[in-house]
Each structure stands twice: as structure tokens, then as C-alpha cells.
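One structure below.
The values are calculated or read from the model by the stated rules, or taken from the named source; none is laboratory data. Values in this document were obtained by computation on a predicted structure and should not be read as measured data. Glycine gets a Cβ as well: all are built from the backbone with ideal geometry, and neighbour counts include every protein chain shown. Protein only, heavy atoms only, side chains kept; ligands, DNA and RNA dropped before computing areas. Shrake-Rupley method; radii C 1.70, N 1.55, O 1.52, S 1.80 Å.
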Amino acid sequence: MALKNIILKHWRGDYSLGFAYWIVGVGLTVAVSIIVALTNQFVSSFAVSSSLFGSILVVLCSLIVPLTVWQLVGIWRSAKYHTSEGGRLIWANVVKIMVVLAAIRAVLDFTEIGIPQFQEGVDLMSNGDAVGTFELRVLNAGKELELIGFIPFGTTASVREVVGRYPAVEVIHLNSKGGRVSEAVQLYEFIQKQQLDTYVASECSSACTLAFMGGKNRYLSKRGILGFHSASLPSSSIDNPAQLNDEFKRIYRQHGVSEQFIRQAVGVDGASMWYPGQLELIASRVVDDVVSSDRFAASNAIPQLHNTWQPEHLQQAPDNALVNYWQTVVDNLNFLNFTNPQQCVQYLYPHWFENSLSLVTVLPTNLYSAHQRAIEQVIEQTDLQPDYRVKMGSTQVLVQNMMDSIARDYPRYPEVLGTPEQYKTEEKLLCSASVVLYESALRQGTVERQAALLRYLAHSE
């Protein structure tokens, strides 16, 4: 009964303006904020089910809206009656202005955050966590643990349980495209507490990068990639995107990641993804070392080579791997020039076209597989160096001799290769000239000369 009287009395504006504003308005808002924070802590500390989490979201959203309306209406009415009770008009007007501003802010917050979170809560109650599932696999006689899939609610509890059964685990493989930020933070804290190393063989993106940062040592496979973007509500807890991005920043800064990298990472739209190069990841202190895949137990995740490949590979790869790669390129060019010269040109000059050529759809299985294996070898055998410089030496002499030889046998080809954009419509001619150029480099007497010419040609493109 006492509570009902308090509610009615405030709603009618019967309380003094000071009590209504400072106690019911400010004081109650602070109390609700503390309750929300404690609820968030509860969710983060215990393995709550997705349906329970959804129920919490729905209840909070359902209570905060009428509570806010009740607070603001009561304060407005108290301000209205303030002067009749001997109060000063200026304070009544100031409070009314604050109420209007608070109402506008409440509408904006409810539209941008409240409605999406309420919808997410209903969805969690009805359908469970839609983020996705995950697998945990124990590797290397119990010394390594691999996570494949997403990071939904309960991931950390499952990891904790497995590590409890296999206390010798020293490394956790993280191959995930993300999930719940709050869950990733829990996993980050658990990895830190256990002093586990983190390793990515394939892809660790979005919220997964938070867990990755918990590693005592952070390793990336030469085929591995890390993906970054701004937080968004579909992967949130009961926080808003700004708070989630603050969590990203806090963890990155704690490990000495450069401010420039942090700004870029959280500045990418939530619908996109930024995959920085391995050299940049090391320079920005996100990754401690890039290692060959045989450093740890074989991963069950499939690396995405197209995101791992960098232009620097064509300069720094070992001679044999580089020559083998270019041989597969020439094989691809010969096939495409025979079947569809336009596709051959699209392969050579992708920037001329709106869409890049999908090799898997246009090449025979044997050629495509050989090319993929060649890329894998280049990636695996190359230790990228940030301060690498191309050493021309006598290569320019070799290039000149090669071009003179091509001019004798194919008089038009040097001009075609020098100004390829003028021969866009002569696909057969342009592709044939390119094939002869790379075949000439591959016919040099030694692997060293072949590699030197191929590096020069790749550097000149």
C-alpha cells in the first residue's frame, strides 16, 4: 500500500519539486543504472541460457519505458505546482526544460536502442541464440583446444569445462567469425586467467578478436586472418554499440595496440569487415608472431587464402615457390586465352572490370587445384619482412635481353605490353603477349634468374 501511495503521489505531482527531481528523478535513475549494471555482471558471470537472457532483456525494456514516463510526468507536475507553494518560478522553468530534454533523449534512446533490444529479447525467448553454434576439439594429446564456429552465450562455460577436464591445455585455437561481445569478453578473461596462448589458423573476426587478445602469446598462421569492424546491436548484450566499442578499445589499449589501428578497427561499418595485413598486425602489436601451420596441431578450420594473400608475397617468396606459382599462372592464362580471351584479360587486369574473375568457376579442377596449392606453398614458405626492398642488381639487364628476344620473335608484343590499356578490345593479342612475357621469364637458365625476372615484373605492375 505504501508503494502504491508513493507511485500515485508522485504521478499527481504532490511531492516537492526538490524531492521529485533529485530523489525520484536523478536518484531512481542512478539506482536503475546500478541494477542494469549488476544484471549485466550476472549475465557475464554465469552461463545463463539464451531464453533467460532474452527474458531479462524483455523485462528490463518493458519496465524502463513506463518508469521513465512516470518519472517525467510527476516531475513536470511538481514543477507546475511549485510556484503555488511558494517556490521560485525560475527553478520551475529550469526543471521543465530539463524534463523536455530528458523526454527527447528517452525517445531517441528507445528508438535506437530499446526497440532493437526488445526485439532481440523476444527472438531469444522464442528461437534461442541465433548467433550460431560452435565446436570444441581437443588436439595434440590434450595440450591444445580448438574452437570452431561462433561465440554464442555459454561458450566460455563450455571452454572452462573442457579445460577443467584437460588441465594440460596450453593453447586455444580460435577460428570464429564472431558472436556475442559479452561472451567474447568472458572468454578473453578466462584465457588471460589460464595464461593460454591464442592461435588463429583460419579466421578470427569481430568479437573473436577480443578473445584472441587474451592470449599470453598471440600467434597467427601464415594462412590466418583477423577481421575487425564496429560493434552492432545484433551481437550485443544489454549494452549499446558505443559501450561495446568502448570495450573493444579498452581491451586493445590494455595490450598496447596502436591508437591508429584502434581507430581504423572500430571505424569500419558493422556490415563490413577490415582484414589488415600480417605485417600491420605485428607492427600494431595485435599479433606477436606469424607462424607456419605446423607450429601447432593441424586445424579443422579451412583458411581463406584470398584474404591471406598479399602483394608482398610476390616479392619475398623463396625462388622455387615463386617460380612454381607463376608456372600455374601461365597455365591458367593459356587455358583462358584458348577458351575465352576476355576472361584471360580479366584475370590479368582485374581493375579494369567491375567484378573480379572467379577462377573456381572457369578453370578445370586440375588447374585450379594446382594454383591453390602453389599459393599455399608461397604463403607457408614466406617470412614477410616489413623492411624488405627489391634488389634490382643486374635484373634490368636480364629484362632488357628478354624484351629484345621477344621483339625479334613478336615485333608487336613490346608495344602491347608497354601500353596494355590501348589493346583492351584486342583480348587475344593482349593475353598472348602476356603469356609470352611470363613464359620467357620461366625459360631462363636458372631458378635464380627466373625468380629475379618474375619479381621485377610483379614489382613493375
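Miscellaneous remarks
- Considering the conditions (1) open to solvent by less than 90 Å² (accessible area, probe 1.4 Å); (2) over 15 Å from Asn337 (Cα atoms), Arg412 is excluded by exactly one of them, (1).
- Considering only residues in region 84-116 that are closer than 25 Å to Val65 by Cβ and basic (Lys, Arg), the one that is most open to solvent (accessible area, probe 1.4 Å) turns out to be Arg105.
- Given (1) in contact with a Lys or Arg (Cβ under 7 Å, 6 or more places away or on another chain); (2) under 21 Å from Gln450 (Cβ atoms), number of the condition Asn300 does not satisfy: (2)
- With respect to being on the phi > 0 side of the Ramachandran plot, touching a strand residue (DSSP E or B) at 6+ places or on another chain (Cβ under 7 Å) and open to solvent by less than 20 Å² (accessible area, probe 1.4 Å), Ser176 falls outside the description.
- When the helices (runs of 4 or more DSSP H) confined to region 9-112 are screened for residues that are basic (Lys, Arg) and farther than 30 Å from Arg180 by Cα, those reaching at least 2 such residues are found at 50-82.
- Single condition Leu437 does not satisfy, out of (1) of a type outside the set (Ser, Thr, Tyr); (2) open to solvent by less than 50 Å² (accessible area, probe 1.4 Å); (3) within 38 Å of the chain's Cα centre (by Cα): (3)
- Residue count for region 258-299 satisfying the condition of being polar (S, T, N, Q) and surrounded by fewer than 16 Cβ atoms within 10 Å (Cβ to Cβ): 5.
- Filter result for Val286 (out of contact with any Pro (no Cβ under 6 Å at 6 or more places or on another chain), part of a loop (DSSP other than H, G, I, E, B), closer than 23 Å to Gln385 by Cα and among the hydrophobic types (A, V, I, L, M, F, W, C)): yes
- Those residues of region 203-233 which are under 24 Å from Ala271 (Cα atoms), open to solvent by 10 Å² or more (accessible area, probe 1.4 Å) and part of a loop (DSSP other than H, G, I, E, B), in sequence order: Ser206, Arg223, His229, Ser230, Ala231, Ser232
- Residue match in region 1-23 (condition: at positive phi, small (Gly, Ala, Ser) and surrounded by fewer than 16 Cβ atoms within 10 Å (Cβ to Cβ)): no
- Pairing each residue of region 181-202 that is without any contact (Cβ under 8 Å) to a residue 12 or more places away in the chain with any residue that is buried (at least 19 other Cβ atoms within 10 Å of the Cβ), provided the two are 6+ apart or on different chains, yields C-beta distances under 9 Å for Lys193/Gly214.
- Checking each residue in region 404-461 for being in contact (Cβ under 8 Å) with a residue 12 or more places away in the chain, farther than 27 Å from Val378 by Cα and among the hydroxyl-bearing types (Ser, Thr, Tyr) picks out Ser405, Tyr410, Tyr413.
- Of residues in region 186-202 being in contact with a helix residue (DSSP H, G or I) (Cβ under 7 Å, 6 or more places away or on another chain) and either among the charged types (D, E, K, R) or closer than 12 Å to Phe153 by Cβ (or both), the one surrounded by the fewest Cβ atoms within 10 Å (Cβ to Cβ): Gln186
- Scan of region 368-391 for residues that are part of a loop (DSSP other than H, G, I, E, B) and surrounded by fewer than 14 Cβ atoms within 10 Å (Cβ to Cβ), ordered by number: Asp383, Gln385, Pro386, Asp387, Tyr388, Arg389, Lys391
- Of all residues making up region 300-340, the number that are open to solvent by less than 70 Å² (accessible area, probe 1.4 Å) and either over 29 Å from Leu357 (Cα atoms) or assigned to a helix (DSSP H, G or I) (or both): 24
- Sole exception among (1) at pLDDT below 90; (2) under 19 Å from Ser292 (Cβ atoms); (3) open to solvent by 50 Å² or more (accessible area, probe 1.4 Å) for Gln396, by number: (2)
- Which listed residue, of Ser55, Ser50, Ser78, Ser44, is touching a helix residue (DSSP H, G or I) at 6+ places or on another chain (Cβ under 7 Å) and modelled with pLDDT of 90 or more: Ser78
- In region 417-431, residue most open to solvent (accessible area, probe 1.4 Å) [restricted to those that are under 14 Å from Gln346 (Cβ atoms) and in a loop (DSSP other than H, G, I, E, B)]: Thr425
- Screening Ala298, Ala271 for residues that are at pLDDT below 90, under 15 Å from the mean Cα position of the chain (by Cα) and farther than 14 Å from Thr209 by Cβ leaves exactly one candidate, Ala271.
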